[in-house]
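**Q** Quick one: the structure is below, and I'll ask about it shortly.
The values are calculated or read from the model by the stated rules, or taken from the named source; none is laboratory data. Not measured: the values here are computed from a predicted model. Note: ideal-geometry Cβ built from the backbone for every residue, glycine included; neighbour counts use all protein chains shown. Areas reflect the complete protein model, heavy atoms only, side chains present, ligands, DNA and RNA absent. Shrake-Rupley method; radii C 1.70, N 1.55, O 1.52, S 1.80 Å.
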Amino acid sequence: MAKKAKKKRYKALVVVESPAKARKIAGFLGSDYKVMASMGHLRDLPASAAEIPAEIKKEPWANLGVNVERDFEPVYVIPRGKKKIVRELKAALKDCDELILATDEDREGESIGWHLVQLLEPKVPVKRMVFSEITKSAIQEAMRNLRDVDQHLVEAQETRRVLDRLYGYRLSPLLWKKIARGLSAGRVQSVAVRLLVERELQRMAFRKAEYWDLKATVRTPRDEAFETTMAFLDGKRLATGKDFDERTGKLKPDADVVLLDEQRATELAEQLRRRPWVVADIEERTETRKPYPPFTTSTLQQEANRKLGWSAQQTMQVAQRLYENGYITYMRTDSVHLSQEAIRAARRRIADNYGAEYLSDQPRQFTTRTRGAQEAHEAIRPAGDEMKTADELGLSGQDAALYALIWKRTMATQMAEARLRFQTIRIQANGAEFRTTGRRIEFPGFFRAYVEGVDDPEAALDDQENILPHVEPNEPLRPEEIRPQRHETKPPPRYTEATLVRALEAEGIGRPSTYASIIGTIQDRGYVRKVGNQLVPTFTAIAVTKLLEKYFPKLVDLKFTAEMEQALDDVAAGTAERLPYLRAFYLGEDGLDTQVRQKEQTIDPREACTVRLDNLNTDIRVGRFGPYLEKRLEAERGKEQVITASLPPDIAPADIDEALAEQLFQQKQQGPRTLGTDPETGQPIYVMTGRFGPYLQLGDVTDENPKPKRVSIPKTIDPETIDRETALKLLALPRELGTHPETGQPVLAGIGRYGPYVQHGRTYKSLGPQDDVATITLERALELLKQARSREPIRELGRHPDDGEPIAIYSGRYGPYIKYGKLNVTLPKGREPQEVTLEEALDLIREKQAKGSARSRGRTRKAGKK
């Protein structure tokens, strides 16, 4: 009888968060270690009523998932999709002599590790392993320096989680009742929305002003031309934008300046053409520019937004991929510290790539100034000690773009300072003084590698030169052209993702790891629309912010929120206890629970849904189907008449004024605009505005015709100027373009809820901005349909290692997705199908499988009952 094979024992079970990380680390540790992925958190507070344990459902605090009556004890549950992973980890641990927690090095990673210990109940020694990069040397070094789980970090993360749950779960239901369903409040989220709303209100209050100056093109005796701008007149400075009061559009009372209007500027230009111009003075100064610190999470998000146009979320997705594949250090950090090994590697690479003269005299180290930063962590930099470029690593697409940004910024930190020379020429002409400033880079230093982006699109980058011709004092100049220039003051700019992240960080609100999800949440909840790169708050955001400011002012106060963040950092440092803080925040007369109970009865829902603006005599109401204008008029016999008008869905709050409001009311009273009649039916054609924007309607709503034909007006067509001929073409949609050469079935063009499209059978494809639904040809439609969802994949990635099933990428209605058997996984936003590897696809498939499908489980349970 054959002997039973002895089961292999491992030195340790090493647990990380993701499969990609597990594979990489397993390759470094060898076959004596078993490396498995937890797929993120294995337990958390209940996410829904269905997850609340039956034994506590009748408790008054059950919906919070936190026992506020017993020292704020969290109720942890294992989501259904994670129970299988817990079983697999427990089974694997039986064959291992040690449990090593190799989760991320931040507070959240520490918390995941602690939860693993609670769930697995190991009978073997437990150690914590931390590293900032996934390279062989870093992993081996981490294995030599194992430690215990840091209970202070665990407690701080748990306190943060409990605090966020109490804040959100007490205030969000209030917003549902008083304003609209689906809204949410959050400790950092609500303050971020308040910042956006305050900026929009500043734009509403802004009054523009006009001022003029002169710009001249002058020539030197050596026939070299340059431009100069008038700065003084008779010894007094000309007014510029900073001299005006934004709320009145008038000069500030203390502004001792000359304000030119168009007439005076034109007269001056004529006078100066006939006067002598002479160089009055030449001033020269030199400046040095020091390189910027290496990237933290927030500065990486800001620069990727400025230079690559990426959202914070997209930046973090690409950074996560680079980290897990061993290309960069850990991407969630607020430290600007660089290890000595990294500094030496960067300096070697600078000497090789740029020359020794581009090295700084001494290795440069930076000091972290962010509140609560964890100095033990490193800044974001290329992993390893070779500092290879993106090309040398074989990176492409988004991975290469972000890696190059990180590589260049890291190189710059150890490069010499840039030296610049500035030259200012002052020119006199009959009492008018013109000035122009040139810039010359004498030594580029770190500019050779990296120049930081700017938020102002009109501002010059640091490495841009403006070299002026040589002139001498008292030298005559010849005015070639003198142009009066009109200027307007500008309202405060709306926040972009980059400037919002910078503002939150400057105020000490939130932490780098949370900014991407916060910006995503406020867009998902309908508080913000992204227009270009601007974050535009909605009327819902204004209504919610006004309610919170009026009834819960502390909770959206920047200073109070920053103090909350500091209190959590103190818990992490072990200098404060969680319980006294949570009690003060939630319990007692001034606690959140009492405040919500008392004020809930006093909040009038109608008042809460009403937005009153200083520049508008009309109320704006936040309704079920969007915002609308509401005006009350005196009618006959003293009765009030209420008239309303829908607001266009894409209008920004600061863009509404009294004139636009009156126009919308008139359009409502006049009824829909008639373009004429349909020659075939004789029915009228109306231009109307609805919940989803402007549309055409053929005929009236009657008992016989309760749903007349309607079609959306594409965004490429102005509803105010659309004519009958164009309207008839749109109403004729969907139109048949011809038959498909392969199937003989018709190919159609039409307009649906998501805009213009072409269709063949069950395959749809949206039209691009250059396509016109009324004129698109069959050839172009076939070209688009080839890109659309079909039986043919965009790209075949290979076969699944477990069962040999093919894995491929297809084009879908909502973007590209990975198909494996019956499982479909949407590609992360911004990820190009051509860049996805089989390894990455397998990770996404495993994550989707781990989450499970709540909807299908619900259907299964119902079927079982039947």
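**Q** Using helices alone, what [θ] at 222 nm do you get for the chain, with -39,500 (n - 2.57) per DSSP H run of 4 or more residues, divided over all residues and rounded to the nearest 500?
**A** On the way: 24 runs with 293 residues, N = 866.
Theoretical 222 nm ellipticity from helices: -10500 deg cm²/dmol.
**Q** Right, next: Distance between Cα centroids, region 60-90 to region 263-312: provide it in whole Å.
**A** Each part's Cα centre sits 56 Å from the other's.
**Q** Using a 10 Å cut-off on Cβ atoms, rank the peptides 652-664, 181-193 from the highest mean neighbour count down. Intermediate results must be reported in sequence, preceding the final value.
**A** Numbers: 652-664: 16.2, 181-193: 21.4.
Per-residue mean Cβ counts within 10 Å order the peptides as 181-193, 652-664.
**Q** Just to confirm a number: summing +1 for Lys and Arg and -1 for Asp and Glu over residues other than L797 whose beta-carbon lies under 14 angstrom from that of L797, what do you get? Don't skip to the answer; put the middle values down first.
**A** Numbers: positive: R795, R799, K819, R831; negative: E796, E805, E832, E835, E839, E840, D843.
Summing Lys/Arg as +1 and Asp/Glu as -1 gives -3.
**Q** Let me ask something additional. Does region 1-60 come out rounded, prolate or oblate by the C-alpha gyration tensor, with a ≥ b ≥ c the root eigenvalues, rounded set by a/c under 1.5 and, if not, prolate when a/b is larger than b/c and oblate if not? Could the numbers behind the result be given before it?
**A** Details: a/c = 4.62, a/b = 1.93, b/c = 2.40.
Oblate, since a/c reaches 1.5 and b/c is not below a/b.
**Q** Which loop trypsin sites (Lys or Arg not before Pro) in region 36-79, with loop taken from DSSP, have no more than 13 other Cβ atoms within 10 angstrom of their Cβ?
**A** On the way: sites: R43, K57, K58, R70; in loops: R43, K57, K58, R70.
Hits after loop and neighbour filter: K57, K58, R70.
**Q** Excluding ligands, DNA and RNA, what is the solvent-accessible area per residue of region 14-160 at a probe of 1.4 Å, expressed in Å²? Don't skip to the end; give the middle numbers.
**A** Numbers: 6590 Å² over 147 residues.
Heavy-atom SASA per residue in region 14-160 reads 45 Å².
**Q** Further question on the same structure: Check K709: other-chain or 5+ apart residues with amide H under 5 Å from its amide H, H built from backbone geometry?
**A** Result for K709 returns L698.
**Q** Please report, as a whole percent, how much of the solvent-accessible surface of region 1-160 comes from carbon and sulfur atoms (probe radius 1.4 Å).
**A** Numbers: 4020 of 8100 Å².
Carbon and sulfur together cover 50 percent of it.
**Q** Compute the longest continuous run of the chain that contains no exposed chymotrypsin sites (Phe, Trp or Tyr not before Pro); treat a site as exposed when its DSSP state is not H, G, I, E or B and it has at most 14 other Cβ atoms within 10 Å.
**A** On the way: sites that count: F625, F692, Y754, Y814.
Longest run free of exposed loop sites: 1-624.
**Q** Among the listed pairs K177/K546; K57/K848; K21/K136; K631/K715; K84/K848, which have their C-alpha atoms separated by more than 21 angstrom in this model?
**A** Details: K177/K546 16 Å; K57/K848 29 Å; K21/K136 12 Å; K631/K715 29 Å; K84/K848 13 Å.
Long pairs (Cα-Cα over 21 Å): K57/K848; K631/K715.
**Q** In debye, nearest 20, what is the charge dipole magnitude of region 89-198 about its Cα centre with +1 on Lys and Arg Cβ and -1 on Asp and Glu Cβ, if you could check?
**A** Numbers: 18 positive and 17 negative charges, 159 e Å.
Using only the charged Cβ atoms, the result is roughly 760 debye.
**Q** Which ³J(HN,Hα) values, rounded to whole Hz and listed in residue order, are derived for region 32-47 from phi using the Karplus coefficients 6.51, -1.76 and 1.60 in 6.51 cos²θ - 1.76 cosθ + 1.60 with θ = phi - 60°, glycine and proline given as x?
**A** Coupling constants for region 32-47: 7, 10, 9, 10, 10, 9, 8, 6, x, 5, 9, 8, 7, 5, x, 8 Hz.
**Q** Tell me, what does the Kirkwood hydrodynamic radius of region 607-674 come to in angstroms if you use every pair of distinct C-alpha atoms? Let's see the in-between values first.
**A** Working: mean 1/r = 0.0776 Å⁻¹.
Evaluated over region 607-674, this radius sits at 12.9 Å.
**Q** Once phi is turned into ³J(HN,Hα) by the Karplus curve 6.51 cos²θ - 1.76 cosθ + 1.60 with θ = phi - 60°, what whole-Hz value does each residue of region 262-271 show in order, with x for glycine and proline?
**A** For region 262-271, the Karplus-derived couplings read 4, 5, 5, 5, 5, 5, 4, 4, 5, 5 Hz, x marking Gly and Pro.
**Q** Calculate the length of the line joining the C-alpha centroid of region 378-443 to that of region 548-600, in whole Å.
**A** 43 Å
**Q** Taking the Cα atoms of region 1-106, what is the range of coordinates along each of the three principal axes, in descending order and whole Å?
**A** Dimensions of region 1-106 along the principal axes of its Cα atoms: 60, 42, 23 Å.
**Q** Name the residue farthest towards the positive end of the dipole of the chain from the options A727, G65, S190, assuming +1 on Cβ of Lys and Arg, -1 on Cβ of Asp and Glu, about the Cα centre.
**A** Going by the charge dipole, the pick is G65.
**Q** Convert 20 °C to kelvin, take the viscosity as 1.002 mPa s, use the Kirkwood radius over C-alpha pairs of region 394-523 as Rh, and evaluate the Stokes-Einstein diffusion coefficient in µm²/s, rounded to a whole number.
**A** Details: Rh = 19.8 Å.
The calculation lands on 108 µm²/s.
**Q** A further question follows. Within region 568-614, report the GluC sites (Glu not before Pro) that DSSP leaves as loop and that have at most 13 other Cβ atoms within 10 Å.
**A** Numbers: sites: E577, E589, E600, E607; in loops: E577, E589.
Qualifying residues, ordered by number: E577, E589.
**Q** Going by amide H atoms built from the backbone, whose H comes under 5 Å of the H on H740, apart from near neighbours?
**A** Q745, V747
**Q** Counting only heavy atoms of protein chains, what accessible area per residue, in Å², does region 236-390 have with a probe of 1.4 Å? Display every interim value, and only then the final one.
**A** Numbers: 7660 Å² over 155 residues.
For region 236-390, the per-residue accessible area is 49 Å².
**Q** On the accessible surface of region 312-412, probed at 1.4 Å, how many percent belong to carbon and sulfur atoms?
**A** Working: 1750 of 4160 Å².
That share works out to 42 percent.
**Q** Rounded to a whole number, what % of the accessible area of region 470-594 do carbon and sulfur atoms account for, probe 1.4 Å? Please list the in-between numbers first.
**A** Working: 2760 of 5530 Å².
Carbon-and-sulfur percentage of accessible area, whole number: 50.
**Q** How would you classify region 793-833 from its alpha-carbon gyration tensor, with a ≥ b ≥ c the square roots of the eigenvalues: rounded for a/c under 1.5, else prolate if a/b is greater than b/c, otherwise oblate? Mind dumping the intermediate values first?
**A** On the way: a/c = 2.16, a/b = 1.92, b/c = 1.12.
Verdict is prolate for region 793-833.
**Q** If you place +1 on the Cβ of every Lys and Arg, -1 on the Cβ of every Asp and Glu, and leave all else neutral, what size is the dipole of the chain about its Cα centre, to the nearest 20 Debye?
**A** Numbers: 140 positive and 130 negative charges, 868 e Å.
The dipole of the chain has a size of about 4160 debye.
**Q** Once you charge only the Cβ atoms, +1 for Lys and Arg and -1 for Asp and Glu, what is the size of the charge dipole of region 176-219 about its Cα centre, to the nearest 20 debye? Could the numbers behind the result be given before it?
**A** Values: 11 positive and 4 negative charges, 48 e Å.
It comes to approximately 240 debye.
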